[in-house]
Every structure is written in C-alpha cells, then in structure tokens.
Amino acid sequence: MSFEPVYGPGSRALILGSWPSPKSWEQGFYYGHPRNRFWPLLARLCGCETPGTVEEKSALILTHGLALWDVLESCTIEGAQDATIRDPVPVDLKRVLAVSPIEAVFCNGAAAYELYGRFLQPVSGIEAVKLPSTSPANAAWKPDKLAEAWGKALGPFLG
C-alpha cells in the first residue's frame with residue numbers, strides 16, 4: 001500500500017511520484033531519502049524553509065495549493081529502481097479529484113509520467129507534465145537547473 005495522499009479543497013496542482021523508495025518507507029513519508037532534492041526544491045520555489053517533519057511537509061503542500069501522491073497503490077520493485085517495477089496497481093485517483101479542483105498534473109520523473117499516462121490520465125482527462133526527477137540518481141540535474149524547470153511549470157499554481 002502506498003502512502004496516503006496529501007490534498008485538500010484548495011489543491012489545484014497534483015505532484016505524482018512513482019513509488020516510495022526504501023528510505024521513504026523508513027521515514028514514513030514521501031521523498032524521505034536525505035539526498036532527494038524534492039523538499040528543499042519545493043521550499044525554495046515557495047520561498048520558505050525546508051520542512052523537516054511530516055506535519056511541516058504536509059502543510060507546505062496544502063498551504064501552496066498543491067496535492068501529493070504516487071501513481072501506484074502497490075507494485076513489485078527492487079530497491080528504488082523504477083525500471084524494475086512489475087505488477088503495477090494504480091491508485092484510485094478519483095479520491096483526490098472528488099475533493100480537489102485539480103487543474104494540472106506534474107510527474108516527478110519519467111517512470112511516474114509513463115505510469116500516469118498508462119493508468120491515470122484516462123481517469124483524470126488531464127495531460128501530465130513530465131518534470132526532471134528530484135532523485136539523487138538524477139545527478140545531471142543540479143539544484144539551480146531543477147529549480148528553473150520545476151519553477152517554470154509549477155509557478156502559476158503555487159498559492
């Protein structure tokens with residue numbers, strides 16, 4: 001089972017990952033690997049401090065009109081390598097869409113984008129934007145370059 005989604009009635013943009021890494025499972029929340037750039041990047045784009053606790057991370061998402069989830073409810077995977085995903089079962093996106101006026105979907109990396117297109121775009125009817133992964137494995141994308149790409153895409157939706 002995936003983590004519970006973070007969303008609310010003010011969430012206009014949905015950020016989707018593929019599946020939590022082992023470090024995220026240890027931390028009990030999204031993007032828990034200490035070298036993953038997701039939380040520092042999002043804080044930078046929102047002009048605030050990098051959140052440390054689950055509560056602070058959830059508040060950052062909700063305060064800025066975002067929603068956060070993964071594309072998959074369950075799967076078989078080796079470590080954190082998206083390329084090894086087998087037996088994918090998608091989440092029930094209708095849960096979020098029933099409450100949140102989602103206008104845009106952003107996928108954190110190629111695997112989330114491909115899985116969203118295959119399983120969830122037919123449900124939402126919203127074409128996703130593929131953003132460069134914030135994973136430490138995506139070392140070619142330095143923080144400034146990530147911030148430029150993510151900021152250009154997410155900027156209009158950050159409340």
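The values are calculated or read from the model by the stated rules, or taken from the named source; none is laboratory data. Predicted model, so just to flag it, every value in this text is computed and none were measured. Glycine also receives a Cβ, built like all others from the backbone with ideal geometry; neighbour counts cover every protein chain displayed. Heavy atoms of the whole protein, side chains included, go into the accessibility calculation; ligands, DNA and RNA do not. Shrake-Rupley method; radii C 1.70, N 1.55, O 1.52, S 1.80 Å.
Figures for the structure shown
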item: Compactness of the range 1-80 as Cα Rg over 2.2 N^0.38 Å, two decimals; result: 1.06
item: Two-decimal Rg/Rh across the range 2-44, once Rg and the Kirkwood Rh are taken from alpha-carbon atoms; result: 0.97
item: Accessible area of the range 32-159 belonging to carbon and sulfur atoms, whole % at 1.4 Å probe; result: 54
item: Those lysines that a straight Cα-Cα span of less than 22 Å connects to Lys152, excepting residues fewer than 8 apart in one chain; result: Lys57, Lys130, Lys142
item: When the range 87-142 is reduced to its Cα atoms, the Kirkwood hydrodynamic radius in Å; result: 12.3
item: Helix-only [θ]222 nm of the chain, DSSP H runs n ≥ 4, -39500 (n - 2.57) each, per residue, nearest 500; result: -8000 deg cm²/dmol
item: Between the range 11-70 and the range 113-145, the Cα center-to-center distance that results, in Å; result: 15
item: Percentage, to the nearest whole number, of Cα pairs in the chain over 18 Å apart; result: 55
item: Listed peptides 109-116, 33-40 by packing density, highest first (mean Cβ within 10 Å); result: 109-116, 33-40
item: Accessible area of the range 1-112 divided out per residue, in Å², using a probe of 1.4 angstrom; result: 46
